1. In whole Hz, what ³J(HN,Hα) sequence does the range 154-169 give by Karplus (6.51, -1.76, 1.60; θ = phi - 60°), x for Gly and Pro?
2. Just how large is the dipole of the chain about the Cα centre, in debye to the nearest 20, putting +1 at every Lys and Arg Cβ and -1 at every Asp and Glu Cβ?
3. Give me the tail of P(r) for the range 122-182 as a percent: Cα-Cα pairs with distance above 15 Å.
4. Set the Förster distance to 41 Å, then compute FRET efficiency between Ala218 and Glu277 from the Cβ-Cβ distance, nearest 0.05.
5. Probe of 1.4 angstrom, ligands and nucleic acids ignored: what's the accessible area per residue over the chain, in square angstrom?
6. Could you compute the net charge surrounding Gly240? Neighbours are other residues with a C-beta less than 11 Å from the C-beta of Gly240; K and R count +1, D and E count -1.
7. If amide H atoms are built 1.01 Å from N in the plane of the peptide, which residues on other chains or at least 5 residues away come under 5 Å of the amide H of Ala179?
8. For the chain, give the percent of accessible area contributed by carbon and sulfur heavy atoms, probe 1.4 Å, rounded to a whole number.
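The values are calculated or read from the model by the stated rules, or taken from the named source; none is laboratory data. The structure presented is a predicted model; accordingly, all values stated were derived computationally and were not measured. Neighbour counts run over all protein chains shown; Cβ positions are idealised from the backbone, glycine included. Each accessible area value is taken on the protein alone, full model and side chains, heavy atoms only, with ligands, DNA and RNA left out. Shrake-Rupley method; radii C 1.70, N 1.55, O 1.52, S 1.80 Å.
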Amino acid sequence: MELEVRHLRAVCAIADTGSLHKAARRLGMSQPSLTTQLRRIEDSLGGRLFARERTGCRPTPLGRVLLSRARPLVTEMQELVNEARAVAARAGDGPDLRIGSTASRAIPGWLRRLRTRHPQARPAIQTDVSADALVHLVVEGQLDVAFVHEVEGSPLRLPPGLAHRVLVAREPQFVGIAADHPATERETVRLSDLKDDQWMVDPTVDGERTGLLRVLRAAGIDPRVLHGDYLTAATLVATGDVVTVCQPTSLGRPGMALRPLEGDPLGVRLLLVGRTEQELDRAYDDLESAYWEAAWEAPEYRAWLRRRPGRGRAA
């Protein structure tokens with residue numbers, strides 16, 4: 001068997017993640033298929049590339065030699081593919097800017113500003129609950145930039161060479177509770193005020209469930225956690241069945257109130273990632289303006305920012 005770039009990409013993914021399972025997810029294939037592929041690569045080279053241990057996969061001396069040569073080859077090939085796709089998109093009158101985003105109220109304003117600033121541009125957007133999935137699409141050249149949320153305690157895997165800028169170093173996460181919940185009498189809600197409530201969280205959002213459980217358990221709360229999307233959560237919050245984590249830019253719904261948490265125990269970092277600094281230059285300023293517009297439109301977030309001078313860009 002002759003080694004191909006896809007084989008080198010697989011070996012790099014295993015080394016980067018330290019796990020066949022995680023590497024298979026990154027590569028979009030099943031773990032048994034990746035295991036078989038790795039075995040064939042090792043048979044072709046005449047030695048094992050990874051030592052399988054309880055804590056994961058560790059490169060052997062042969063594996064380290066291969067990785068030292070494979071990484072620059074994989075990077076160069078990806079750059080070639082990205083450049084070729086960009087040229088093809090321009091030649092085929094494709095969208096000038098392909099953007100991705102996790103959920104955010106800043107998206108409409110971002111698109112509006114991009115179209116106003118570049119009247120001939122036709123930005124195309126793709127949304128996903130998974131920040132890791134969007135980063136992967138940028139790395140693969142299927143997106144130019146992506147606006148993503150990194151949950152505190154669950155860092156994103158940003159490959160070397162991927163350009164990124166921090167929009168907000170730490171955005172506090174608020175809580176959505178029923179409008180008649182006793183905790184609404186407070187300007188900020190204590191976690192202890194919610195110790196008897198059920199929480200609903202979307203388990204497909206990278207790091208969100210883990211982050212919430214960490215914070216609640218640190219406060220001495222053994223929570224009841226239900227899984228569901230946030231549209232369902234908002235409906236159940238209004239009926240008093242659950243409470244849920246909310247972005248501070250969210251706007252209230254009938255029967256639902258938003259409040260900051262005392263001490264801001266939950267936070268996320270907001271990033272714009274891109275293939276190149278030039279792509280970030282095209283999108284960052286408009287995203288920044290759109291985000292702060294959405295922030296100052298949200299009453300609870302506006303009040304939170306006013307209590308902390310210098311934390312938010314002036315509207």
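1. In residue order, the calculated couplings are 10, x, 6, 8, 9, x, x, x, 7, 6, 7, 9, 8, 7, 9, 5 Hz.
2. 600
3. Tail of the P(r) past 15 Å holds 60 percent of the pairs.
4. 0.60
5. Here the residues of the chain average 51 Å² of exposed surface.
6. Net local charge, Gly240 excluded: -3.
7. HN-HN under 5 Å from Ala179: Met256, Ala257.
8. 51
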